[in-house]
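K.L.:
I am attaching a structure below and will ask some questions about it afterwards.
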């Protein structure tokens, strides 16, 4: 699988995709793996050394998987952070945060869509794009979601390996 180290212009475009969450600066080196997966690397290897290694031994797991940069079905470019990406930049994420209650959190971790309360609906009714989702104790990010159905439903993007069994 081909890797591409993002130059400053492409890195800036990725940051613009998650700017509405509050992320303004990324110090790590961003690497595109395949078509849409983005990984962040903060080690001591230079870009030339990484590419040299890739030519010898096709590596795709350099860095931490932090999100996707893709074009959706309707042709709109979107950036979605992974749970790990949210934890890497958690100090910067200050906007578009939805805190789940205990019942909603149980549904979330089963991989189901979550019905929002009236208060949550009022807050996220006109929200576009992805939002950050926090646990009921308001301590940790548990993933990203999208609000739909006029702000009444949270569509989750929780990977199967992170879901709880019923």
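K.L.:
For the chain, take the longest principal axis of its alpha carbons; what is the angle in degrees between that and the long axis of helix 47-56, to the nearest 10 within 0 to 90?
P.N.:
Taking the Cα atoms of the chain, the angle to 47-56 is about 80 degrees.
K.L.:
Here's something else I'd like to know. Have a look at 145, 34, 22 and tell me which one the Gaussian network model of the chain (Cα, springs below 10 Å) gives the largest fluctuation.
P.N.:
34
K.L.:
Next question. Under a GNM of the chain (C-alpha, springs under 10 Å), which listed residue has the highest mean-square fluctuation: 18, 56, 35?
P.N.:
Looking only at 18, 56, 35, the largest GNM fluctuation is found for 56.
K.L.:
Quick check: pseudo-label points 7 Å beyond the Cα along Cα→Cβ at residue 53 and residue 115, how many nm apart are they?
P.N.:
Roughly 5.0 nm, to one decimal.
K.L.:
Once both labels are modelled 7 Å past Cα along the beta-carbon direction, what's the residue 101-residue 140 spacing in nm?
P.N.:
2.3 nm
K.L.:
Could I ask something else about it? Compute the acute angle (0 to 90°) between the alpha-carbon long axis of helix 8-18 and the principal axis of greatest extent of the alpha-carbon atoms of the chain; round to the nearest 10°.
P.N.:
Orientation of helix 8-18: about 10 degrees from the principal axis.
K.L.:
Output the relative contact order of region 49-166, whole-number percent, from Cα pairs under 8 angstrom with separation of 6+ residues.
P.N.:
Answer for region 49-166 is 23 percent.
K.L.:
Below 8 Å between Cα atoms, with a sequence gap of 6+, how large is the relative contact order for region 3-88 in percent?
P.N.:
It comes to 26 percent, rounded to a whole number.
K.L.:
Something else: Return the label of the correct value of Rg/Rh (Cα atoms, Kirkwood Rh), as calculated from the structure shown, out of [x] 1.00; [y] 1.16; [z] 1.07.
P.N.:
Computing Rg/Rh (Cα atoms, Kirkwood Rh) and matching it to [x] 1.00; [y] 1.16; [z] 1.07 gives [x].
K.L.:
Which of 115, 138, 44 moves the most in a Gaussian network model of the chain with Cα springs under 10 Å?
P.N.:
In this elastic network of the chain, the residue with the biggest mean-square fluctuation among 115, 138, 44 is 44.
K.L.:
Multiply the residue gap between residue 153 and residue 25 by 0.36 nm, knock off their C-alpha separation, and tell me the result in nm, one decimal place.
P.N.:
43.0 nm
K.L.:
What spacing in nm lies between the two simple spin-label points modelled at residue 60 and residue 122, each 7 Å away from Cα in the Cβ direction?
P.N.:
It is 4.7 nm.
No lab work stands behind these numbers, since they all come straight from the coordinates. Keep in mind that this is a model prediction, so the values were computed, not measured. With ideal geometry, Cβ positions are generated from the backbone for all residues, glycine too; neighbour counts draw on all protein chains shown.
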